[in-house]
Structures are given as structure tokens and as C-alpha cells.
Amino acid sequence: MKKVLVTRRWPEAVERALSERFEVSFNEVDQPMSAEALRAALLEFDALCPTVTDGMGAEVFDGLDAVRCKVLANYGVGYSHIDVAAAQRLGIVVTNTPDVLSDCTADIAMTLLLMAARRAGEGEREVRAGQWSGWRPTHLVGTKVSGKVLGIVGFGRIGREMARRAHFGFGMEIVVYNRSAVAPEVLEAFGARQMGLEEVLAASDFVSLHCPGGAENRHLIGAEAMAAMKPGAFLINTARGEVVDELALVAAVRSGHLGGAGLDVFDGEPVVRQEVLDCPGLVLLPHLGSATAETRDAMGYCALDNLTAFFEGYAPPNRVA
Ligand code: DGY
């Protein structure tokens, strides 16, 4: 039996299914693994199933010439925590778990958008603190969502699900920034228009990020991009923390240029910088995008399918490298 290391606890049913096919070691303490432990695991296991919390940068692979590990079956769609080129150099295949989490991640993006626009976080805190003094016309007045313009940065699977919810559910007009050209029929399905990044930022009442993380998109939305956004606009990030320059965001919200933001991901998470925690107008969630029972099961089965196909000599369905 192939030896597989799962770096975090998975839903029980999927752990059972995985154990039926492989000799599996689970990380019983359910804490992120250190670079040294991950490096040692590459020598000891035939496959690793990491998650976003396992930093597998160059330091994990550097200096290794040959490893036992043949496949990294990532539990998650984003894989910018893995140095894919370094893995490839060692002949390691990398897979991810797309599609199964698009609905739920778009749901969280929509949740954040609504919460930020309608000041739901502030309202909840007020009620719990016993500080609500009753209905009045000027109380916690927010921003209307229906019919507004939503800019989507990254029009992949999750971006499109966000467009579906916003366009058909809330009558929003959709504008899109995507590195490659989006097929006209795909845009048409959501009544969307593709534009340059600056044009999208300038046209949108809400901007929702759905692009990959990693070095190439680090601070894609920085001070300059935020200055290009409409006064009073909102920024939603369910992609990766590093895509947004958080200090620039705090400055833009505090100055009143932006209306607020909703963040599910953070640069350096789970540590959230104090400036972000202290900034009013930010709605903060702890990386909940895919966190539903159905989706977490489906992600596990997807990773299992990738491993099974690979070890049976077939192309894994979700190979990314
Ligand atoms: C994903 O699937 O990319 C989630 O953000 C967790 O890694």
C-alpha cells in the first residue's frame, strides 16, 4: 500500500475512505506542519496531502535530489503555498480540488459583500453589546447593493459563480478583469463586459477578488489600485491575503475614500495585523470560503480521486503541474 501523509484532519468519512485505499498517517495534532517536517515527509511518504496552511516554499525542496514522494494532492483549489517549479524539478505531480468549492466560496464572497454594504458586522456587535437603542431613520445606514456595478477580478470558476449570484440574484451589472480573454458567450451569460483592471476598478461600486495568490499577484490591489476605485466603493477578498495591500486598504477606508471591505483571507493568516482588526468598516471572517460540510467532504473525495488515479497509472483529473 502507498504511504500517504494528510497534514490536517479531514472530515471523518473521507479519512475513512482514504484509509481503505492507502496506508495513511494523519497529523493528529491538526496544526500546520513546519518546513522541516514537510521536507522529511517528502522522503518518507509516497504522497502528501497538504493544505493552504502548509507552506511548501523553496526551503522545503532545496537541496533535495531524490525523494520518495511522487504526488502532492492539495486539499484546496489555491496552491500558491506550494513551490510548484521546485516540486516539478523533483518529478512530483501537483493536484488541487477545483469546482467543488466554487459555490460555497462565492456564497461567502456575497455574504461579505452584503455584510460590508449593510453594516451587518457593526449591527451584530451592537446588539450583542446591549448597545442598541432602537429603530431610527439614521441608524447604521448602509449602501444599497441591488442594481449596482460589481467588478470581478479573476473570472475563473469562483468568479463566475459570484457573477451568477450578483447578476441574477441582485440585478448587478458585471464588469470583469481577467488576464486572458474570456469567451464572449461566457460574458454574455452574465451580461458582463471584460475591461482592463483600472477600468474595472473605476467602474465598480463593489470589487470582488477571485484571482490566484502568489508572488505574481502580491499587492495587485495596492494604494494605486485603491485610488483608482470609485469613492465609496467596497473591496471583497476571498482569494488570498497577499493580493491586497492591507495597510493601504486600512488607509483607504479610514480616509473615507473606500466605503469598506470584506476579508475572508489575510496576509500572514491566521495572524491578522492589528491595523486591520482596529479598522472600522472592515468585515472579517476566518477563511471560511469552502467551509461547509458538503464542500469539505467533496474536497476530500476530489483529492482522493486524484491520488487514486495517479497511483493506478491514470492522469489525475485535477493535475496543475
Ligand atoms: C482553497 O481551496 O484554495 C481554500 O482557500 C483553502 O485552501
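Of note:
- Residues of the range 104-142 that are more than 16 Å from the ligand (Cβ to nearest atom), assigned to a helix (DSSP H, G or I) and of a type outside the set (A, V, I, L, M): Arg118, Gly121, Glu122, Gly123, Glu124, Arg125, Glu126, Arg128.
- Subset tally (residues that are surrounded by fewer than 21 Cβ atoms within 10 Å (Cβ to Cβ) and not in a loop (DSSP other than H, G, I, E, B)) for the range 59-103: 8
- Residue check for Thr95: within 10 Å of the ligand (Cβ to nearest atom), among the hydroxyl-bearing types (Ser, Thr, Tyr) and either in contact (Cβ under 8 Å) with a residue 40 or more places away in the chain or closer than 27 Å to Thr295 by Cα (or both): no
- Test: residue in the range 229-243 that is open to solvent by 50 Å² or more (accessible area, probe 1.4 Å), free of Cβ contacts under 8 Å to residues at least 60 places away in the same chain, in contact with a strand residue (DSSP E or B) (Cβ under 9 Å, 6 or more places away or on another chain) and on the phi < 0 side of the Ramachandran plot: yes
- Tallying residues that are away from the ligand (no atom under 16 Å from the Cβ), among the charged types (D, E, K, R) and part of a loop (DSSP other than H, G, I, E, B) within the range 37-58 yields 1.
- Selection from the range 258-274 of residues that are open to solvent by 50 Å² or more (accessible area, probe 1.4 Å), touching a helix residue (DSSP H, G or I) at 6+ places or on another chain (Cβ under 7 Å) and either away from the ligand (no atom under 16 Å from the Cβ) or modelled with pLDDT under 95 (or both): Arg273
- Failed item in (1) in contact with a Ser or Thr (Cβ under 8 Å, 6 or more places away or on another chain); (2) of a type in the set (A, V, I, L, M); (3) farther than 29 Å from Thr238 by Cα, with Leu5 passing the rest: (3)
The values are calculated or read from the model by the stated rules, or taken from the named source; none is laboratory data. The shown structure was predicted, so the numbers you read here are calculated from the model rather than taken from an experiment. With ideal geometry, Cβ positions are generated from the backbone for all residues, glycine too; neighbour counts draw on all protein chains shown. We work out accessible area using only protein heavy atoms, side chains counted, and drop any ligands, DNA or RNA first. Shrake-Rupley method; radii C 1.70, N 1.55, O 1.52, S 1.80 Å.
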